[in-house]
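The structure under discussion appears below in the form of structure tokens.
The values are calculated or read from the model by the stated rules, or taken from the named source; none is laboratory data. Remember, it's a predicted structure, so these values are computed and weren't measured experimentally. Using ideal geometry, Cβ is built from the backbone for each residue, glycine included, and neighbour counts are taken over all protein chains shown. Surface areas here come from the heavy atoms of the whole protein model, side chains and all, with no ligands, DNA or RNA. Shrake-Rupley method; radii C 1.70, N 1.55, O 1.52, S 1.80 Å.
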Amino acid sequence: MAAFFKSRHRWKRTSCFTILTRNLTGKYDYDLVVIGGGSGGLACSKEAAQLGQKVAVLDYVEPSAKGTRWGLGGTCVNVGCIPKKLMHQAALLGTAVKDARKYGWKIKDPVSHDWETMAEAVQNHVRSLNWGHRVQLQDKKVKYLNVKGSLLDEHTVRGMTKSGKESFLTAKNIVIATGGRPKYPTHIPGAMEHGITSDDIFWLKEAPGKTLVVGASYVALECAGFLTGIGQDTKVMVRSIALRGFDQQMAGLVTDHMQAYGTRFAWGCVPQRVDKLPSGALQVTWADTRTGKEETDSFDSVLWAVGRAPETKALGLDKVGVEVNRETGKIVVGADESTSVSNIYAFGDIGEGRPELTPTAVKAGRLLARRLAGQSTQLMDYDNVATTVFTPLEYSCVGLSEEEAVGRHGQDAIEVYHAFYKPLEFTVAERDASQCYIKVVCERGGEQRILGLHYTGPNAGEVMQGFSLALRCGATLSHLKETVGIHPTCAEELTKVSITKRSGLDATVTGC
Amino acid sequence: MSLYEEVKVHGYAEFCKAVSDRKGKDIFAYFSGDKDADGNSWCPDCVKAEPIVRGEISHLPEGSVFIYCQVGQRDYWKNPNNDFKKTLKLSGVPTLLRYGTPQKLVEEECFKANLVRMMFTED
């Protein structure tokens, strides 16, 4: 109890920015305390404040092993979606410049890329987003604290500053949205001392040079993709399969394109150690599981992209009794983002079984805020969420993969329509379109409801967004076929599919 | 005994000189439309924002610089190619910014005393 009174007094001094908002309970410092100022945490706290709740959000970035740190906004803004897409764009522009010559542009050879210029521009944009979020929180009357939050009990959160100063907040409801961080393969000698992760790549002061990317997740492939695109010698080391969890036929097209495009792949290889050479380069030794041989090569940088781990260790979850999945470390959540403790909720990357995506975290956060404010009972719908992998040949999808559809309905109850198409822009540019492909997975009987859509090609995200709305509306194959395509586009090819996999016929689109 | 230095400049060249003369310092700059002989600016938002910004000025960090910059007449400002727009990337007046950082408040944001104070007091 004494701590409770002490904390109230402490907060009076630092509360000079807190405008008096309706404190619904009168008993706690806040109606809602959100731990984590990323995509989910910010959306939730802003929505709650707009609905009249007294809200505080705690955001803290533990520096990466290499010492990289960043501002408010979470993974997406600082070390994820935003810098990733911008660097992907830098790489695409490199390809466009080369294509431009075929379209008549007189561009001198060789065209080179300057990492410093790109990195500075990207980092400046990220910093402007950090500031934008800061302004929004202040404007929407959300109390922001740059402290590392942890649970003391069901209604008390402890905040720790960088210098070790403690503070305490009490709250009626607590939301955990601390997300995840890249994993280091700590069992590999030299991995942590010499390697970097996605936490570091976007903040490097100099180009990473000859790079080994270990992993075949979308993080690995997207990074390897843009590094290749800007001219870095890049190799991807894959233990077994690429893009686990995604449609594997599509994953193959993505990696085939990357290989044709200049990224080297070491399939079935497992790194064993990383040593630093006197020259400063990194010597990596690995085992090739296909030949049984040990190989070695030197690189300027080693990027580990072997998965992400939830930020739960330092939260004090066991102390308060919040149930965590033993295998993944993620918080076990109900359909309403509730945890095993009645007034504590968790969502975003931290939630077990949840997609690790910004838009789902944002939406789930807003809906949760509305439910907590008693304004709604609507739950988040995690089905039919469209996504895009921003590899050099982009891949977007919504709904089920072919494997999932077969698994759920059986091969005989599924029909797959597909087409290999060629973007018009590739013709003059003399670009290879072998991996540009579309797949429509639907029910074989009845009205042939569409179960999944898959597309590899330019602007994959832009192409798929509208179609995800169609899936939400229960689109069937006839809806798709009755839709008139926009010409000439890549997206129109989705409306023109007619060849089934079952027929065995050639699925290459020929002319108009 | 003020904690900060206030500098009044008029036009882009004077602004640049004021900044380059104070390298390494924490510089806050407030851009406003020119005031006429009676002290009234052609920019109504600037008229509204100025007392609010000045109201928070005591919160400026010690050793910092506050540059009050009149950008020019309305016609100069409306030209999309003026130096402030092209080089400093200003989108409107009034603008309050922390030089060399992405921290800035534009137009109506300058009416909010709590945002101005936040910029002056936080890192």
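For residue A:163, the solvent-accessible surface with a 1.4 Å probe is about 110 Å², rounded to the nearest 10. Below 30 Å, Cα to Cα, which lysines can residue A:293 reach? Residues fewer than 8 away in the same chain don't count. Reachable lysines: A:183, A:210, A:235, A:276.
Legend note: in chain B, cysteines whose Cβ sits 4.7 Å or more from every other cysteine Cβ are B:16, B:69, B:110.
Per-residue SASA remark: residue A:370, around 80 Å² accessible (1.4 Å probe; ligands, DNA and RNA not included).
Quick one: plug the Kirkwood hydrodynamic radius of segment A:411-458 (C-alpha pairs) into Stokes-Einstein at 37 °C, 0.692 mPa s, and report D in µm²/s. Don't skip to the answer; put the middle values down first.
Numbers: Rh = 12.1 Å.
It diffuses with D of about 271 µm²/s by this estimate.
In terms of modelled amide H atoms, which long-range or inter-chain residues lie less than 5 Å from the amide H of residue A:236? HN-HN under 5 Å from residue A:236: A:213, A:264, A:265, A:266.
Among the listed pairs B:78/B:112; A:66/A:162; B:8/B:86; B:35/B:104, which are separated by more than 19 Å between their Cα atoms? Violating the 19 Å Cα-Cα cut-off are B:78/B:112; B:8/B:86; B:35/B:104.
Report the gain in length on full extension from residue A:502 to residue A:98: 0.36 nm times residue separation, minus Cα-Cα distance, nm rounded to one decimal. Numbers along the way, then the final one.
On the way: separation 404, 0.36 × 404 = 145.44 nm, distance 3.92 nm.
141.5 nm is the gain from fully extending residue A:502 to residue A:98.
Under the definition of Cα pairs under 8 Å and six or more residues apart, what whole-number percent is the relative contact order of chain B?
Numbers: 202 pairs, mean separation 42.3, N = 123.
Relative contact order, chain B: 34 percent.
Out of the trypsin sites (Lys or Arg not before Pro) in segment A:57-128, which ones are loop residues according to DSSP with at most 10 other C-beta atoms within 10 Å?
Details: sites: A:66, A:69, A:84, A:85, A:98, A:101, A:102, A:106, A:108, A:127; in loops: A:66, A:69, A:106, A:108.
Qualifying residues, ordered by number: A:106, A:108.
A straight Cα-to-Cα reach below 18 Å connects residue A:501 with the aspartates and glutamates A:247, A:402, A:403, A:404, A:412, A:415, A:443, A:493, residues fewer than 8 places away in its own chain not being considered.
Work from the charge dipole of segment A:266-419 (Cβ charges, +1 for Lys and Arg, -1 for Asp and Glu, about the Cα centre) and give the residue of A:393, A:368, A:266 farthest towards its positive end. Toward the positive end, the furthest listed residue is A:368. Shown here are the Rg and Dmax of the Cα trace of segment A:372-512, at 16.2, 59 Å. Summarising the strand pairing of the protein assembly as shown, around 60 percent of its internal DSSP beta bridges are antiparallel.
With N residues in segment A:185-287, what two-decimal value do you get for its Cα radius of gyration over 2.2 N^0.38 Å?
Details: Rg = 13.6 Å, N = 103, 2.2 N^0.38 = 12.8 Å.
That ratio works out to 1.07.
Close amide H partners of residue A:297, meaning residues 5 or more places away or on another chain with modelled amide H under 5 Å apart, are A:284. The phi torsions of segment A:302-310, fed into the Karplus equation with coefficients 6.51, -1.76 and 1.60 and a -60° offset, translate into couplings of 10, 10, 8, 9, 10, x, 10, 10, x Hz, rounded to whole numbers, with Gly and Pro shown as x. By the equivalent-ellipsoid construction on the alpha carbon gyration tensor, segment B:13-119 comes out with semi-axes of 20, 18, 13 Å, ordered largest to smallest. The H on the amide N of residue A:289, modeled in the peptide plane, is under 5 Å from the matching H of A:269, A:270, each at least 5 residues off or on a different chain.
Gyration tensor analysis over the Cα atoms of the protein assembly as shown returns equivalent ellipsoid semi-axes of 44, 33, 28 Å (largest first, whole Å). Backbone geometry of segment B:25-38 corresponds, through the Karplus equation with coefficients 6.51, -1.76 and 1.60 at θ = phi - 60°, to 3J(HN,Hα) couplings of 8, 7, 10, 9, 10, 10, 9, 9, x, 4, 9, 7, 4, 8 Hz, x marking Gly and Pro.
Using the crude model of +1 on Lys and Arg Cβ and -1 on Asp and Glu Cβ, and no other charge, please compute the dipole size for segment B:58-99 relative to its Cα centre, in debye to 20.
Numbers: 6 positive and 3 negative charges, 46 e Å.
Using Cβ point charges on Lys, Arg, Asp and Glu, segment B:58-99 gives about 220 debye.
With helices as the sole contributors, chain A gives -9500 deg cm²/dmol at 222 nm; each DSSP H run of n ≥ 4 counts as -39500 (n - 2.57), and the sum is divided by every residue. Segment A:376-440 gives an Rg/Rh value of 1.12, both radii derived from C-alpha positions and Rh following Kirkwood.
Restricting the calculation to Cα atoms, segment A:113-162 shows an Rg/Rh of 1.22 when the hydrodynamic-style radius is the Kirkwood one.
Contact order for segment A:166-241, expressed relative to its length and based on alpha carbon pairs under 8 Å spaced 6+ residues apart, stands at 23 percent. DSSP assigns beta bridges within chain B; of those with both partners inside it, close to 40 percent run antiparallel. Placing a pseudo-label 7 Å from each Cα along the Cα-to-Cβ vector at residue A:406 and residue B:78 gives an inter-label distance of 6.8 nm. For segment B:88-96, what does the Karplus curve 6.51 cos²θ - 1.76 cosθ + 1.60, with θ = phi - 60°, yield as ³J(HN,Hα) per residue in whole Hz, taken in order and with x for Gly and Pro? After applying 6.51 cos²θ - 1.76 cosθ + 1.60, I find 7, 6, 6, 9, x, 10, x, 10, 10 Hz.
Within straight-line reach of residue A:54, meaning a Cα separation under 13 Å, sit the following aspartates and glutamates at least 8 residues removed in sequence or on another chain: A:29, A:31.
Nearest 10 degrees, 0 to 90: what angle lies between the long axis of helix A:358-372 and the longest principal axis of chain A (Cα atoms)? Tilt relative to chain A: about 30 degrees. Averaged over the residues of peptide A:131-140, the number of Cβ atoms from other protein chains lying within 10 Å of each residue's Cβ is 4.
Can you give the relative contact order of chain A as a percent, counting alpha carbon pairs under 8 Å and 6+ residues apart?
On the way: 1055 pairs, mean separation 72.4, N = 512.
The normalised contact order for chain A reaches 14 percent.
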